[in-house]
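Enquirer: Provided herewith is a single structure, encoded as structure tokens, for subsequent inquiry.
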Amino acid sequence: MSEKSPIAGSGRTFDWNLLHTFVVLAEAGSITGAAERLGRKQPTVSNALRRLEDQIGKKLIERSPGMFRLTDAGQLLHREAIDIYGSITRLSTLMRDVMDEVRGHVRIAMASHVVCPLFDDSLRAFHAANPKATFSLDVMASVTALAEVVARRASLAVCLVHERSAKLEYRRLYREYFGLFCGPGHPLFGQSGLSSTDLKGHSSISFLTDRLDDVLRPVALIRAASGLDQHVVGRSSHLEEIRRMTIAGLGIGALPVHAVARDIASGLLWRLPPYDDPPAIDVHLAWNPMARMNRAEEELLAALKRRIDETPIEQRTYA
């Protein structure tokens, strides 16, 4: 049978300051040492010990010249006191997390023209719950975005991933499909019944990563299969600029189908073949597990990972 706690039944009138003094005294091993640690006078510490023993009704420390020893009750009380203070520390941390407003700045390095309802909804919900947190979303090439997170200059990255760095962790945010498009001034604009052979020899516009050895390899393959002229008239790492050059009629450009749905509906872009089995590209969320994050960064990352885990990839696939 376990020994009964020396503070059992005394919780209503227990003086926690006396308990703290006792813990320091037990660990210091002397009245003098405890007084120095607590910044108090020796008689004050001795009086606190006597009051605690009176309150508990047990001898806690045996003292004599050259001897300082915890009694059995003192040893038991010391063990319980350590557990109590550990619980109080954890409780104060939990209460701070619950009660304190989440503040801090979150810098997200973004690939251009990310169209992801899940990401947008997560930002909206996070801001509604934590209005004191602030954001900056900086658009850049995917390789630069990942480098910013590795260097801890950005909190998170939302971008394409070609080669994974061991310094980062990743989660697939969504999947999108690319199609080939032309603008109103292009000779194929508005034509129906086209096949991929009709694209042969036409000039093209491409992303800087639209190469067989880079992240947009599937897009490079569909361009090659369509026989587009190898002479690329325009390049950019930003989707908006690929869209601009395509609408301007410089050539045929590859764009995420769901990201330009409004342009298609408004007559600014015309979808070209192939229509079946378009290349799929995954956009990832990336972060640096070694980075020291503020509360806003930690909680936004946790919210995004939770939303991703709770949402099947079919619902994060935009056609």
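Coordinate-derived values only; no laboratory data. Being a predicted model, the structure only gives us computed values, none of them experimental. Reconstructed Cβ throughout: ideal geometry from the backbone, glycine too, with neighbour counts over all protein chains shown.
Enquirer: As a check on your grasp of the helix formula, calculate [θ] at 222 nm for the chain: sum -39500 (n - 2.57) over DSSP H runs of n ≥ 4, divide by the residue count, round to the nearest 500.
Expert: -12500 deg cm²/dmol
Enquirer: Still on this structure, please answer the following. Could you work out, for the stretch 175-279, what percent of all Cα-Cα pairs fall into each 10 Å distance bin, beginning at 0 Å and stopping at the bin that holds the largest distance?
Expert: 17, 57, 26, 1
Enquirer: Round to the nearest 0.05 the FRET efficiency obtained for S30 and T134 when R0 = 51 Å and r is the Cβ-Cβ distance.
Expert: Once the sixth-power term is evaluated, E becomes 0.45.
Enquirer: Under a crude label model (7 Å from the Cα following the beta-carbon direction), how far is A151 from E240 in nanometres?
Expert: Each label point is offset 7 Å from its Cα along the Cβ direction, giving 2.2 nm.
Enquirer: Residues in the stretch 256-298 near a label at A225, defined as backbone nitrogen under 19 Å from the 7 Å Cα→Cβ point?
Expert: 256-258, 271-282
Enquirer: How much length would be gained if the chain were fully extended between T144 and Q75, taking 0.36 nm per residue of separation minus their Cα-Cα distance, in nm to one decimal?
Expert: 19.0 nm
Enquirer: If packing is taken as the mean number of other Cβ atoms within 10 Å per residue, what is the order of 154-165, 217-228, highest first?
Expert: The packing order, highest mean first, is 154-165, 217-228.
Enquirer: Between H162 and E101, what FRET efficiency follows from the Cβ-Cβ distance if R0 is 41 Å, with the result rounded to 0.05?
Expert: My answer for the efficiency is 0.55.
Enquirer: Please compute the length gained on full extension between Y170 and T317, using 0.36 nm multiplied by the number of residues separating them and subtracting their Cα-Cα distance.
Expert: Extra length from Y170 to T317 when fully extended: 51.2 nm.
Enquirer: Still on this structure, please answer the following. Express in nm, to one decimal, how much length is gained between V233 and D198 on full extension, taking 0.36 nm for each residue of separation and deducting their alpha carbon distance.
Expert: 10.7 nm
Enquirer: Enter the mean projected area of the convex hull around the alpha-carbon atoms of the chain, in nm², rounded to one decimal.
Expert: Averaging across all directions leaves 25.1 nm² for the Cα convex hull.
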